[in-house]
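Following: one structure in structure tokens, then a few remarks.
The values are calculated or read from the model by the stated rules, or taken from the named source; none is laboratory data. Bear in mind the structure is a predicted one, so any value in this text is a computation, not a measurement. Note that we place each Cβ from the backbone using ideal geometry, even for glycine, and neighbour counts take in every protein chain shown. Ligands, DNA and RNA are excluded from the accessible area calculation, which covers all protein heavy atoms including side chains. Shrake-Rupley method; radii C 1.70, N 1.55, O 1.52, S 1.80 Å.
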Amino acid sequence: MTIDQKLNDLGYTLPTPAAPAASYVPVRQSGKLLYVSGQVSADADGVVKGRLGENMDVAAGQKAAALCAVSILAQVNQVTALSNIKAIQKLTVLVASTPEFYEQHLVANGASDLFIKLLDDKGKHARAAFGVASLPLGAAVEIDAIIEIE
């Protein structure tokens, strides 16, 4: 089963990749590594906004993180076929949250779990998760990635 088919089975479709909102490129390739710029949580209705510990719970944050993962794949798909992904090497997950919120790692699982469902062992990765006061466009979650390709 292809990644696109697995995405569809899970209720996702690849969106049109977002254009950069500032002075950067969405993906930079160095050899077999793709460095994917931060992708904010967005769905068909626009940016998924909020702050964990204020007006979003962990489950909503996990959904927002999964949307970031789908957007990362959309950016990769602009460079190479998704079937060329050899491994998700690293994710950096930024979670808009209150100072009292300590479950950023659980929010990040929304993206991590989706990559593993889609790519099996190739989806397992190193990761860092941080709480931040705010993110661009009011997004709840932003994730960047380092992805190895064939």
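The table that follows gives values for the structure above.
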item	result
Sole residue being open to solvent by less than 50 Å² (accessible area, probe 1.4 Å) and closer than 14 Å to residue 147 by Cα, chosen from 70, 48	70
Condition met for residue 81 (within 16 Å of the chain's Cα centre (by Cα) and among the small types (Gly, Ala, Ser))	no
Residues that are open to solvent by less than 40 Å² (accessible area, probe 1.4 Å) and either of a type in the set (Gly, Ala, Ser) or outside any strand (DSSP E or B) (or both), drawn from the range 51-61	58, 60, 61
Of residues in the range 75-96 being out of contact with any strand residue (DSSP E or B) (no Cβ under 8 Å at 6 or more places or on another chain) and part of a helix (DSSP H, G or I), the one most open to solvent (accessible area, probe 1.4 Å)	83
Among (1) outside any loop (DSSP other than H, G, I, E, B); (2) at pLDDT below 95; (3) open to solvent by less than 50 Å² (accessible area, probe 1.4 Å) - the single one residue 37 does not satisfy	(2)
Pair list, Cβ under 6 Å, 6 or more apart: the range 7-31 residue closer than 18 Å to residue 119 by Cβ, other residue small (Gly, Ala, Ser) and open to solvent by less than 70 Å² (accessible area, probe 1.4 Å)	14/74
Search result, residues across the range 1-34 that are open to solvent by 70 Å² or more (accessible area, probe 1.4 Å), farther than 14 Å from residue 145 by Cβ and not in a loop (DSSP other than H, G, I, E, B)	4, 5, 8, 9
Subset of the range 97-150 (residues that are open to solvent by 40 Å² or more (accessible area, probe 1.4 Å), in a strand (DSSP E or B) and not aliphatic (A, V, I, L, M))	127, 130, 131, 144, 148
Residues satisfying the stated conditions in the range 117-139, i.e. without any contact (Cβ under 8 Å) to a residue 40 or more places away in the chain, of a type in the set (A, V, I, L, M, F, W, C) and touching a helix residue (DSSP H, G or I) at 6+ places or on another chain (Cβ under 8 Å)	129, 130
